[in-house]
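So the structure is just underneath, and the comments pick up after that.
The values are calculated or read from the model by the stated rules, or taken from the named source; none is laboratory data. Remember, it's a predicted structure, so these values are computed and weren't measured experimentally. FYI the Cβ positions are ideal-geometry reconstructions off the backbone, even for glycines, and counts take in every protein chain you see. Just the protein is used for accessible areas: all its heavy atoms, side chains included, with ligands, DNA and RNA removed. Shrake-Rupley method; radii C 1.70, N 1.55, O 1.52, S 1.80 Å.
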Amino acid sequence: MPMTPPLLRGLPRTKFLATSLLQYQHQQSVLGSGTHRYASRWPARMWQSLQCSRNYQTTSALCSYILTPPQVNSILKANEYSFKVPEFDGKNVSSVMGFESNQLPANAPIEDRRSAATCLQTRGMLLGVFDGHAGCACAQALSERLFYYIAVSLLPHNTLLELEAAVEAGRALSPILQWHKHPNDYFSREAQTLYFNSLRTYWQELIDLTSPDEVPDTREALLNAFKRLDSDISLEAQVGDPNAFLHYWVLRVAFSGATACVAHVDGSDLFIANSGDARAVLGVQEEDGSFTAHTLSNDHSAQNEDEVARIRDEHPPSERKTVIRQDRLLGLLMPFRAFGDVKFKWSIELQKRVLESGPDQLHENEHTKFIPPNYHTPPYLTAEPEITYHKLRPQDRFMVIGSDGLWETLHRQEVVRIVGEYLTGVHQRQPLKVGGYRVTLGQMQGLLEERKARVSSAFEDQNSATHLMRHAVGNNEFGTIDHERLSKMLSLPEELARMYRDDITIIITQFNPHVIGAQRQDGES
């Protein structure tokens, strides 16, 4: 395997890799284009290294020792979680049967977050994946706050009045959300009062803007919740807080960033609100039992021509060549929509004023030390989500929401096939893929034996998200799990792991086809 270039060793494999402008210019002159960017995908040599590691004969350069199967399982299952929707009177009346989720860190600490909750005032369920960059603070705040903003946006006028009256009278509030959280899913207790006060201001404004007979629109609720929370994150950072810890925290949240992909499921109505490059995909079962992928969200990146056109249209013609450079926003940021990231939203004057009045610890944060190049007409970035709607059908069997760390390693059709086969126990026997590789008879025999073993151990994982993650990290070019490769990828030290893969977060939601079929019939009658 080619050695990692010295200047790249220890650099985090993130979407937003901040250095000082001086370092930026130095790296540009030394490394040339392609390796100096803050928002690094795999630089060319790293990508070649990774491709080499995917050879059938797995290279030993990745790591010097092999994990045992129990050690591999312990790592893969550390963050798995499952929730089954409870049955009522012997009949499951929800279109959602349950969900399973998991996370695998590459960064230390992990920059991804996940959330799932049931809206207690409505029938809906919320599921979301938040992919952070330049730190985990913004993703953490979204995991705690965004669902409350969505739930409040969906409340009718009279319920909002009841909430406000309870606060005024000092009474306990009726719960809005039932959270479904893994013990490792952290909540920042110190910030809860600040968060609540911002949320209360939001529902007070909703009371003024709505009328008693108005029925909340889900699309508008999702749109307004995303935009309002991002606005509150920005405002809180500008105002600051007398508490030194909270002052530092709100600035960390604002100067880091996070993408968000959120699903709201209510009966057969499925809404996806997406800002960034996490992705939601539906697993559809065809009549022959096979599974096909139906994409529910669009990535907001340079690969999306509509996004490129949108950003260029929002800025003067003089910035046409600089607003997107080397497939990144201002040459730095990979996702074209995100929460936080005020370095791409505030004026230069505001950034300097807030930083000068901020705590000293913030000046040590590398992400605050630079002004993006060609920064003339902010804001360049928005958290406004793209909303998509899908009417669930009985053949829509499951949904996968994943951070881009998943989709970088597996194609959406492969993801749906792996999950579909796991959930049904039916394996589609596809021809062995040997592509342009020279495969000996011995290797072919090994592949056939591995396929046989894979079928017999299909239910080794009790969690579908874990099963998918095993494939995401351990798949080779033949479409099978290379256990040696899986072991080595999981045993990489922290400073190397983030060079070869990203954090991976997965939520797999199973739908109830019988309930969905009945709901569709009721809606049509």
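Going through the stretch 214-235 one residue at a time, which ones are open to solvent by 60 Å² or more (accessible area, probe 1.4 Å) and either farther than 26 Å from T388 by Cα or not in a loop (DSSP other than H, G, I, E, B) (or both)?
Passing the criteria: R219, E220, N224, K227, S231, L235.
Taking only the stretch 169-187 into account, find how many residues are among the aliphatic types (A, V, I, L, M) and open to solvent by 50 Å² or more (accessible area, probe 1.4 Å). Break it down stepwise before answering.
Here is the first cut: in the stretch 169-187, the residues among the aliphatic types (A, V, I, L, M) are 169, 172-173, 176-177.
Still in the running and open to solvent by 50 Å² or more (accessible area, probe 1.4 Å): 169, 172-173.
Final tally of qualifying residues: 3.
Checking the structure you have, find out if any residue of the stretch 390-412 is modelled with pLDDT of 95 or more, assigned to a strand (DSSP E or B) and open to solvent by 30 Å² or more (accessible area, probe 1.4 Å).
yes
Can you pull out the residues in the stretch 413-425 that are in contact with a Ser or Thr (Cβ under 9 Å, 6 or more places away or on another chain) and open to solvent by 10 Å² or more (accessible area, probe 1.4 Å)?
Those that are in contact with a Ser or Thr (Cβ under 9 Å, 6 or more places away or on another chain) and open to solvent by 10 Å² or more (accessible area, probe 1.4 Å): Q413, R417, Y422, L423.
Where the second residue is acidic (D, E) and part of a loop (DSSP other than H, G, I, E, B) and the first is closer than 25 Å to E220 by Cβ and open to solvent by less than 40 Å² (accessible area, probe 1.4 Å) and lies in the stretch 373-385, which pairs have Cβ atoms under 8 Å and are six or more apart or on separate chains?
Taking only residues 6 or more apart or on different chains, the pairs are L381/D341.
Please determine, by comparing only the residues of the stretch 343-361 that are among the acidic types (D, E) and at pLDDT below 90, which one is least open to solvent (accessible area, probe 1.4 Å). Full working, then the answer.
Step one: filter the stretch 343-361 for residues among the acidic types (D, E), giving 349, 356, 360.
Cutting the leftovers down to at pLDDT below 90 gives us 356, 360.
Details: E356: 146, D360: 112 Å².
Only one residue fits best here, namely D360.
Please name all residue pairs, on different chains or six or more residues apart, with Cβ atoms under 7 Å, provided the first residue is in the stretch 59-83 and is over 30 Å from S115 (Cβ atoms) and the second residue is at pLDDT 95 or above.
Here the result reads none, with nothing in the stretch 59-83 linked to a residue that is at pLDDT 95 or above.
Name every residue in the stretch 496-511 that is surrounded by fewer than 21 Cβ atoms within 10 Å (Cβ to Cβ) and assigned to a strand (DSSP E or B), in order of residue number.
Q510, the sole residue that qualifies.
Could you tell me which numbered condition R337 fails, if it satisfies all but one of (1) in contact (Cβ under 8 Å) with a residue 24 or more places away in the chain; (2) in contact with a Lys or Arg (Cβ under 8 Å, 6 or more places away or on another chain); (3) among the basic types (K, R)?
(2)
List the number of the failed condition for V93; all other conditions in (1) free of Cβ contacts under 8 Å to residues at least 40 places away in the same chain; (2) more than 23 Å from L229 (Cβ to Cβ) hold.
That leaves (1) as the condition not met.
Let me confirm something: among A254, A260, which residue is assigned to a helix (DSSP H, G or I) and either among the aliphatic types (A, V, I, L, M) or in contact (Cβ under 8 Å) with a residue 60 or more places away in the chain (or both)?
Working: A260 fails: assigned to a helix (DSSP H, G or I).
Criteria check complete, one pass: A254.
Within the bounds of the stretch 236-247, is there any residue that is surrounded by 22 or more Cβ atoms within 10 Å (Cβ to Cβ), over 19 Å from the mean Cα position of the chain (by Cα), over 28 Å from D522 (Cβ atoms) and of a type in the set (D, E)?
Yes: the stretch 236-247 contains one or more residues that are surrounded by 22 or more Cβ atoms within 10 Å (Cβ to Cβ), over 19 Å from the mean Cα position of the chain (by Cα), over 28 Å from D522 (Cβ atoms) and of a type in the set (D, E).
Whether any residue in the stretch 149-168 is assigned to a loop (DSSP other than H, G, I, E, B), among the charged types (D, E, K, R) and open to solvent by less than 60 Å² (accessible area, probe 1.4 Å) is what I want to check. Quick ask: steps written out before the conclusion?
To start, the set of residues in the stretch 149-168 that are assigned to a loop (DSSP other than H, G, I, E, B) comprises 154-156.
Narrowing the set further to residues that are among the charged types (D, E, K, R) leaves none.
For the stretch 149-168, residues assigned to a loop (DSSP other than H, G, I, E, B), among the charged types (D, E, K, R) and open to solvent by less than 60 Å² (accessible area, probe 1.4 Å): absent.
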